[in-house]
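The values are calculated or read from the model by the stated rules, or taken from the named source; none is laboratory data. For clarity, every value in this text was computed on a predicted model and none was experimentally measured. Quick reminder, even Gly has a Cβ in these numbers, built from the backbone with ideal geometry, and neighbours come from all protein chains shown. Heads up: the accessible areas ignore ligands, DNA and RNA and are worked out on the full protein's heavy atoms, side chains in. Shrake-Rupley method; radii C 1.70, N 1.55, O 1.52, S 1.80 Å.
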Amino acid sequence: MDASSKENIQFFCKNPVQPGGRPSVKTEYPSSEERQSCCSELKVFLGGLSFVYFAKALAEGYLKSTITQIERRFDIPSSLVGVIDGSFEIGNLLVITFVSYFGAKLHRPKIIGAGCLIMGVGTLLIAMPQFFMEQYKYEKYLPFSNSTLSFSPCLLEPSSQLPISVMEKSQPQISDECAVDASSSMWIYVFLGNLLRGLGETPIQPLGIAYLDDFASEDNAAFYIGCVQTVAIIGPIFGFLLGSLCAKLYVDIGFVNLDHITITPKDSQWVGAWWLGYLIAGAVSLLAAVPFWCLPKSLPRPQSREDSNSSEKSKFIIDDQIKYQTHAGEKAKILEMARDFLPSLRSLLGNPVYFLYLCASTVQFNSLFGMVTYKPKYIEQQYGQSSSKANFVIGLINIPAVALGIFSGGIVMKRFKLSMCGAAKLYLGSSVFGYLLFLSLFALGCENSEVAGLTVSYQGTKPVSYHERALFSDCNARCKCSETKWEPMCGENGITYASACFAGCQTSNMSGENIVFYNCSCVGIAASKSGNFSGTVGRCQKDNGCSKVFLCFLVISAITSYTLSLGGIPGYILLLRCIKPQLKSFALGIYTLAIRVLAGIPAPVYFGVLIDTSCLKWGFKRCGSRGSCRLYDSHAFRYIYLGLTMILGTMSIFLSIAVLLTLKKSYVSEPRSFITKRDRTMVSTRFKKENGATSDHLLHPSHWPGKETRL
């Protein structure tokens, strides 16, 4: 008898049986030394998988933190940034079904290790455009900042110091600048790198979680998964904090003289060193692949699982004894696995609990993906915070709350030994209370920044109806201003102007990086007191009341994040327990595929498209095409961002209620077991047909846990 067949029999046969003409089989369990070695290897796998989850979450969190930086660097709208963000899920969906199904029969640790290598290469590719693009160009008043100069913004001719409108340029100028501007299309490399990162991440979740659940004891499975998910949440913490640090560094740091940079991180045109974090995250992903090449294909199953005849998991589904029987030593064939693919898929989608939970999770992840992707932008636009601070508070407040919620969910499952119905109730309760808290965020908004011609009139009154020539007024009619430029100036009256030219400023004084404009005619008509009607470069800060509202937003947002994430582990356990054990990896793969295709890809795109509709002032590229948005309507942004999230969350709650009702209705509860009515009928019929051949089937248990890892 070969080693493979002996291993299978000693794992899954509890009583020696001697059918006619067959050799006897002796029941064996792993010795204490073998169990200790198995435990050590399982802990190594647990540590390695946790580090992989950290690595992929680090890159994902950093990507979310650089959304606005990428948008400004490549001068693209939010909708296109959403496409870039969704490319990760596109990479996943290309192979997730086959990896989760066929990978379950192969060497799972090595497949995970190979995925880490691909993920690391993709992360490094995202940073490559920085080394091939020209240096970042931003709109500025003067090319030099190390001298004291005076100039008149209003009286300058278009061909002089101020930038001129695209319409006023000659055709050769436009052609030359468009040729240079073509470098902005290099965002395609960011798209491809993120897609490659998605390809590499594919085997980590379905194969890694299933491997843990296969070889950990039932009492520890939920706790181990909770530990992995908690460590995974630490990744975005470091990702957002790294994003905060890199956002303070100028994009071309190391390539230009920083003394000549005339903008600061608070400027709307500022772009941080977005590429630097991807080099770090890529190196971490490559390092995470190392331990998986040293782990075995399978481990001995815990004795507690072999002896547990009343396990909820083993009794929830009654397997077909004929369908999954196999002769000892028989090698699984790829063709046979492919033949079982469609029946396995039908079995999964025909499970009402699995299908409804899949729908509920897909809708909920639509709301979560959209909310997380544009949360830094929302904080910047709604509360007037810099990119660096927005990433810092998300990494330091929101992400730890999510980690604590996921860990708490695992503790509750382990401490109270919740049944499947209990897990479904906890999953539903966390969603209901989380979205009720989310409702209060509608009241925590700030007023629009007062921008002349966009949110207020030049007289300082509200509101103003936006139109194509809204930036022009009688006070700047004689100034030759370019309406395509965004060079904000803050007047002493607290109103922001699109540029000093639109403010009608006659003179200025420049010393180093500081520019002060004087005799601004438009500032004068809205000023409440007499003076020289001056202004300074940059947007005016929002009123002090907005900072207090921002603190309230952070507190409620953290509590909401904790509440919603509390149902994460119960949901995972519900997913694992409601399907046949041998389809576990496949079920996780289909689940991941649905989340990627129906939530991860479309959510950032349609969130971005709707957010773009709230833009008041668009930037323009050198050849005249529309670039990224410079100013949003805060009210419209808030209602779109929060409203869309709330609508999707409410839909997921109703689907979660359907999961719970179906679970109670379809499954008959017996002492420590769940058996479907349909399966009970099938089992009864099967036993009648097979009454005369019982001895032939005793050797083959109804649940063959090693089926996934046999090849």
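Would you point out which residue out of 330, 306 is more than 19 Å from the chain's Cα centre (by Cα), modelled with pLDDT under 60 and open to solvent by 40 Å² or more (accessible area, probe 1.4 Å)?
So the residue among 330, 306 that is more than 19 Å from the chain's Cα centre (by Cα), modelled with pLDDT under 60 and open to solvent by 40 Å² or more (accessible area, probe 1.4 Å) is 330.
Limited to the range 76-126, what total is found for residues that are more than 21 Å from residue 61 (Cα to Cα) and not in a helix (DSSP H, G or I)?
2
Does the range 266-276 contain any residue that is closer than 18 Å to residue 123 by Cβ and assigned to a helix (DSSP H, G or I)?
Among the residues of the range 266-276, at least one is closer than 18 Å to residue 123 by Cβ and assigned to a helix (DSSP H, G or I), which makes the answer yes.
Those residues that are open to solvent by 10 Å² or more (accessible area, probe 1.4 Å), closer than 16 Å to residue 448 by Cα and not charged (D, E, K, R), I need them from the range 587-636; list them, please.
613, 615, 616, 629, 635, 636
Quick grid of which residues meet (1) assigned to a helix (DSSP H, G or I); (2) modelled with pLDDT of 85 or more; (3) of a type in the set (S, T, N, Q); (4) closer than 30 Å to residue 296 by Cβ:
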position	(1), (2), (3), (4)
134	no, no, no, no
145	no, no, yes, no
161	no, no, yes, no
181	yes, no, no, no
207	yes, no, no, yes
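Looking for whichever is within 28 Å of residue 666 (Cα to Cα) and β-branched (Val, Ile, Thr) here; the options are 579, 611, 601. Which one fits?
579 is the lone residue from the list that is within 28 Å of residue 666 (Cα to Cα) and β-branched (Val, Ile, Thr).
Looking at this structure, is residue 451 over 19 Å from the mean Cα position of the chain (by Cα), at pLDDT below 90 and closer than 27 Å to residue 69 by Cβ?
Values: over 19 Å from the mean Cα position of the chain (by Cα): yes; at pLDDT below 90: yes; closer than 27 Å to residue 69 by Cβ: yes.
Yes, satisfied.
For the range 551-578, name all the residues that are open to solvent by 10 Å² or more (accessible area, probe 1.4 Å), over 21 Å from residue 231 (Cα atoms) and in contact (Cβ under 8 Å) with a residue 12 or more places away in the chain. Please lay out each step first, then the result.
Here is the first cut: in the range 551-578, the residues open to solvent by 10 Å² or more (accessible area, probe 1.4 Å) are 551-552, 554-556, 558-559, 561-566, 568, 572-573, 577.
Then keep just the ones that are over 21 Å from residue 231 (Cα atoms); that gives 551-552, 554-556, 577.
Of everything in the range 551-578, those that are open to solvent by 10 Å² or more (accessible area, probe 1.4 Å), over 21 Å from residue 231 (Cα atoms) and in contact (Cβ under 8 Å) with a residue 12 or more places away in the chain turn out to be 552, 554, 556, 577.
Could you go through the range 654-669 and let me know if any residue there is among the hydrophobic types (A, V, I, L, M, F, W, C), open to solvent by less than 10 Å² (accessible area, probe 1.4 Å) and farther than 30 Å from residue 267 by Cα. I'd like the intermediate steps shown before the answer.
Looking only at the range 654-669, we keep the residues that are among the hydrophobic types (A, V, I, L, M, F, W, C), and these are 654-655, 657-661, 663, 668.
Going one step further and asking which of them are open to solvent by less than 10 Å² (accessible area, probe 1.4 Å), we end up with 659, 663.
After this cut, where a residue has to be farther than 30 Å from residue 267 by Cα as well, the list is 659, 663.
Yes - at least one qualifying residue is present in the range 654-669.
In the range 372-423, which residue that is of a type in the set (A, V, I, L, M), open to solvent by 40 Å² or more (accessible area, probe 1.4 Å) and under 20 Å from the mean Cα position of the chain (by Cα) is nearest to residue 549 (Cα to Cα)?
397
Report the residue count in the range 244-273 for those that are farther than 21 Å from residue 393 by Cα, open to solvent by 10 Å² or more (accessible area, probe 1.4 Å) and not polar (S, T, N, Q).
Residues meeting the conditions: 9.
For residue 536, work out the one condition from (1) surrounded by fewer than 19 Cβ atoms within 10 Å (Cβ to Cβ); (2) of a type outside the set (A, V, I, L, M); (3) within 29 Å of residue 397 (Cβ to Cβ) it doesn't fulfil.
(3)
Go through the range 183-192 and count every residue that is modelled with pLDDT of 90 or more and either surrounded by 24 or more Cβ atoms within 10 Å (Cβ to Cβ) or in contact with a Lys or Arg (Cβ under 8 Å, 6 or more places away or on another chain) (or both).
So the count comes out to 1.
Take the conditions at pLDDT 75 or above and open to solvent by less than 40 Å² (accessible area, probe 1.4 Å) and apply them to residue 276. Does it pass?
No, not satisfied.
With respect to residue 584, is the statement that it is charged (D, E, K, R) and either under 22 Å from the mean Cα position of the chain (by Cα) or surrounded by 22 or more Cβ atoms within 10 Å (Cβ to Cβ) (or both) true?
yes
Is there a residue in the range 26-42 that is in a helix (DSSP H, G or I) and modelled with pLDDT of 75 or more? Step through it out loud before you land on a result.
Initial filter on the range 26-42 (in a helix (DSSP H, G or I)): 32-42.
Retained after the next criterion (residues that are modelled with pLDDT of 75 or more): 42.
Yes: one or more hits.
Please go through the range 476-526 and give me each residue that is β-branched (Val, Ile, Thr), modelled with pLDDT under 80 and not in a loop (DSSP other than H, G, I, E, B), ordered by number.
Correct list: 515, 525.
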